[in-house]
Structure formats: C-alpha cells, structure tokens
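Below: one structure, written as structure tokens.
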Amino acid sequence: MKILLTSIGTRGDIEPFIAHGQILEEKGHKVFYAFPAQFSKLVPSHNQFFPLSPKIIELIHGEKGRTVMGNASLIAKLQALWYLYKEGQKVNKDISLEHLDAIDQINPDVIVSNPKCSVPTLWTLKTGKPHIWLSPVPYVMHYVKDHAHLGFGSDYGSIINKLTYKLANYGLTKNIKGATKHLPNEYTFSSSKISKAILTSRMIFAISPALCPKPNYWPNQVEVTGYKKIKDKSKQPISEELMAFINRHEKVLFLTFGSMLNEDPKGISKLIYESLVETKIPVIVNTAAGGLLELEKFKQHPAFFFTKTIDYNAIFPKISAVVHHGGSGTTHTALMHARPSMIVPHVIDQFQWNRILHKKGVGPLGPSINKLEKSEFKSKLSDLLSKVDYSTAAKKIAIEMNKEAKCSISYLIY
C-alpha cells in the first residue's frame, strides 16, 4: 500500500511519524512523508519527501511565539496571539494547497496525519479511503472523564471536562471547514460530515499506556499504542571527553529544553546554572535550539559539560536524572531508560506531562519556565537526585514501556 504520513508542528510532532513509517516500511508498505521543510533531514533518504511551508516553524520560534511563551503582559500576549492567528491563517492556506499537491502526486491508499492537518479529513470524505489520526500527545479529540481537553488544563469534573472536548472538536471542525475555501469544490463538505469524520476515523495515540492508559469507554477504533523510537543507524558515539566527565562524578544530571525557546535564555540559563553550582550537581547541558545558552562564566567550570546535539539513547543510560522541557519524545525516552525526570514546562502539552510524571512518582512537579525561582528550583533539584522512590517508580515504568515498544502496530493498516 502507498501510505502518506504527514504532520506539522515542532520536532516532537514529527518524530512519531518517522518511527511509525519505519515500521510500516518493514511490513512492505511504500511510505511517503510531508512535513515542514525544516525537517527534511529527519526523513530517510530513500523515502519521497514533500516539503510543507517552513513558516509555521518560523512563527513558533519567532518573536511573537516567544512572547506567548514568555513573561510578557496579558495585553502583549493577546496582541502576539492575534498576530499568530492572522499569519497562521495564511500558512494554513499554503499548507492545505501543498497537502493537496502531495496527495495528487502520490494517490495514497491511506493517509496518517497529525490532528493539526486539515486536508486528510476532506480527502477521506471525497475518496472513501481510510484516514488515520496519529497524536503524540494525550487528551485530544476523545473525551477522558477525569481530564479536560489538552488546551484547557487538568480536571474540572466530568461534565465540564466533556464540554472542553466538544468545544475543541467544534474548533477543529471549523478549522477543517475553513480549509475548503482554498480547495477545489469536490473537497467541500458540511460541518456535520466533517465533525462525524473526525470522531469516526481511526485514532492512534503514540504514547505509553503506562502513562496514559486507554479508557474502557473509548470506541474500538481508538488505540494507545506505546511510544515507538526512530531506528537510527547513524548513532552518535559518546566522545571520550564526555565519558571522562561522566566518570569523574558520582551522579550527573542531564539538562535540555530541546526545540523550545524563551524570551530570556541568558537570564534563565544563569538562574539554572547558579542553582546547580550551589547544590553541587554536575550537569551535561544540551543547548539544542537555544533555550539554554553556553554562558562564558560556566564554560570552564569543572561541573559543566556543554553540547549542542547528543544521542539521547546513548547518553541517558549514563546519567542519573533528567531536567527537560516536557516534549513527548524526551519524556518517553527518559522513562524508557528508567531515569527520574523533572519537567520545566513551556507550552500546552508539557504542563500535562509534568502533572502525569509527578502523579506517577518519577519526579517532583516542575516549575513553569515563566515562574522559575532559585530557592524552589534548588530544592526540587536536590529532591530529584536524592529521592529513591523516584528511581524505583521510573524503573517500574521503564519495564512496562519497553514491553510496549516491542508490540506490533499491525492494526494500523487493515
């Protein structure tokens, strides 16, 4: 079968599609990918790649995106959100047309897409061919009794929780309906048909049931599959210099904010690094996209090791605990290696992963990136590295997650 896998968003929205694509290829399917152009290097070279507009990532990482995630005033955030909404409408038009072009060239038998993509639902209504949702985050689309929709927070009681899903799905329907004005007439459908297609299409949550089990009241076409890792044959070896750093210390912390940026990377880096010095915790800092900086004051400090890129699967077995932004991929990978974790959430789903990990007992409830205070942060760092219960809980979850990783996803295509 010819299968198109497509997603928009940050790296955490992309990697699960590549991991599932690799599995589908092993089963003999011909796989195509469509992601924002910035992620072309993640796609295996033998696969056909259809680049989508890079502007969506530029908006997220741009000045207005940082304003929304930062400590700006409410007025400044509302102005930034309005700007992002207007520019987002333009980008959605571009992406809708690019999706249509890719579909016309491939003529796929199946499309697997992130819920952020509009055209696949319209395509399945037009052709009758199967469309499958794949979500790397929990609490979207299908109602969970004890948790509101991802965009609304935590638990407000079952009645209000159900309302949040209805509101979010209404917005999703409106967004998909809005895409029809950019497409040929044969892609025009009523809101009721779109709404029904959203909830009756197969849905795969590419997350661990050890963290978010499937409720028994969900329909059969919705599955929680477990987290699947990308099979990377070009693994980065740990350098001799880094191994020497690790061997010099009894316990080493790993710190990263992944692809997340913030309004004051220098100030936040300084606060975190001073906290680590004062608590005498050696650390490997992955500066990654630039949310953390390699400050000169700490560059030569014997308890610091800085890197811009690193293989998580290679380094996580070597360290004692992880402090990170709470992206789905980093969250799962740290726990698959049984590492206690503390999340410093930046945006929507990361706050939910923060609560989930704390509830599961694998680490303290982390402070928001916008509410970092040195005294509290130092206390939580010490707690993370000293509390044996966190390690015990992480090891238990790692056993479950690694069993899940071996499970088949044959039901994905039927």
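The values are calculated or read from the model by the stated rules, or taken from the named source; none is laboratory data. Quantities reported herein were computed from a predicted structural model and do not represent experimental measurements. Please note: Cβ atoms are built from the backbone with ideal geometry, for glycine as well, and neighbour counts cover all protein chains shown.
Pairs linking a residue in segment 231-248 that is more than 19 Å from Ile18 (Cα to Cα) to a residue that is of a type in the set (Lys, Arg) and at pLDDT 95 or above, with Cβ atoms under 8 Å and 6 or more positions apart or on different chains, are Ile238/Lys318; Met243/Lys318; Ile246/Lys318. Note on segment 282-297: residues that are touching a Ser or Thr at 6+ places or on another chain (Cβ under 8 Å) and not in a loop (DSSP other than H, G, I, E, B) amount to 3.
Rundown of residues vs (1) modelled with pLDDT of 90 or more; (2) more than 20 Å from the chain's Cα centre (by Cα), yes/no style:
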| residue | (1), (2) |
| --- | --- |
| Gln38 | yes, no |
| His61 | no, no |
| Lys90 | no, yes |
| Ala102 | yes, yes |
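Listed by position, the strands (runs of 3 or more DSSP E) enclosed by segment 202-261 that each have at least 1 residues that are crowded, with 18+ Cβ neighbours inside 10 Å, hydrophobic (A, V, I, L, M, F, W, C) and in contact with a Cys (Cβ under 9 Å, 6 or more places away or on another chain) are 202-205, 222-224. Do we have Val112 as within 16 Å of Pro51 (Cβ to Cβ) and assigned by TED's automatic domain parsing to the domain that holds Lys166 here? The answer is no for Val112.
Within segment 332-370, being surrounded by fewer than 20 Cβ atoms within 10 Å (Cβ to Cβ), farther than 21 Å from Pro209 by Cβ and touching a Pro at 6+ places or on another chain (Cβ under 9 Å) holds for Pro367, Ser368.
From the list Pro115, Pro130, Pro120, Pro136, the one residue that fits, being under 19 Å from the mean Cα position of the chain (by Cα) and within 28 Å of Pro184 (Cα to Cα), is Pro115.
One residue alone among Glu376, Glu400, Glu404 is among the charged types (D, E, K, R), within 23 Å of Leu293 (Cβ to Cβ) and part of a helix (DSSP H, G or I), and that residue is Glu376. Within segment 213-251, the set of residues being hydrophobic (A, V, I, L, M, F, W, C), touching a helix residue (DSSP H, G or I) at 6+ places or on another chain (Cβ under 7 Å) and at pLDDT 95 or above comprises Ile246 only. Within segment 116-138, residues that are in contact (Cβ under 8 Å) with a residue 24 or more places away in the chain reach partners that are in a helix (DSSP H, G or I) and among the charged types (D, E, K, R) with beta carbons closer than 7 Å, at six or more positions or on different chains, in the pairs Leu125/Lys193; Lys126/Glu186; Pro136/Asp13; Val137/Asp349.
Being crowded, with 24+ Cβ neighbours inside 10 Å and of a type in the set (Ser, Thr, Tyr) is not true of Thr307. Being more than 28 Å from Gly361 (Cβ to Cβ) and touching a residue at least 12 places away in the same chain (Cβ under 8 Å) is not true of Leu253. When you look at Lys196, is it at pLDDT 95 or above, assigned to a helix (DSSP H, G or I) and within 27 Å of the chain's Cα centre (by Cα), yes or no? The answer is yes for Lys196. Go through the residues of segment 160-172 one by one and say whether even a single one is over 19 Å from Thr200 (Cα atoms) and assigned to a strand (DSSP E or B). No, the conditions are met nowhere in segment 160-172. Contact annotation: no residue pair with Cβ atoms under 6 Å, 6 or more positions apart or on different chains, pairs a residue in segment 195-218 that is assigned by TED's automatic domain parsing to the domain that holds Ile397 with a partner that is surrounded by 15 or more Cβ atoms within 10 Å (Cβ to Cβ). Contact map, segment 92-106: residues that are in the same structural domain as Thr6 (by TED's automatic domain parsing) and within 14 Å of Phe49 (Cβ to Cβ) paired with residues that are modelled with pLDDT under 95 and part of a helix (DSSP H, G or I), Cβ distance under 9 Å, separation 6+ or inter-chain. Pairs shown: His99/Ala179.
The residue list Lys266, Lys299, Lys270, Lys280 contains one member that is at positive phi and of a type in the set (D, E, K, R), which is Lys280.
Tell me yes or no: at least one residue of segment 64-83 is surrounded by 15 or more Cβ atoms within 10 Å (Cβ to Cβ), modelled with pLDDT of 85 or more and either part of a helix (DSSP H, G or I) or not β-branched (Val, Ile, Thr) (or both). No, the conditions are met nowhere in segment 64-83. On the stretch given as segment 157-195, residues that are surrounded by 12 or more Cβ atoms within 10 Å (Cβ to Cβ) and either among the β-branched types (Val, Ile, Thr) or at positive phi (or both) total 6.
State all residues of segment 316-328 that are on the phi < 0 side of the Ramachandran plot and either crowded, with 23+ Cβ neighbours inside 10 Å or among the aromatic types (Phe, Trp, Tyr) (or both); if no residue qualifies, say none. If the condition is that a residue be on the phi < 0 side of the Ramachandran plot and either crowded, with 23+ Cβ neighbours inside 10 Å or among the aromatic types (Phe, Trp, Tyr) (or both), then Phe316, Ala321, Val322, Val323, His324, His325, Gly327, Ser328 are the ones that fit. Look at (1) of a type in the set (Asp, Glu); (2) surrounded by fewer than 19 Cβ atoms within 10 Å (Cβ to Cβ); (3) within 19 Å of the chain's Cα centre (by Cα) and you find that Glu373 fails only one, number (3). Scanning segment 149-190 for residues that are in contact with a Lys or Arg (Cβ under 7 Å, 6 or more places away or on another chain) and polar (S, T, N, Q), we see that the one that is modelled with the lowest pLDDT is Ser154.
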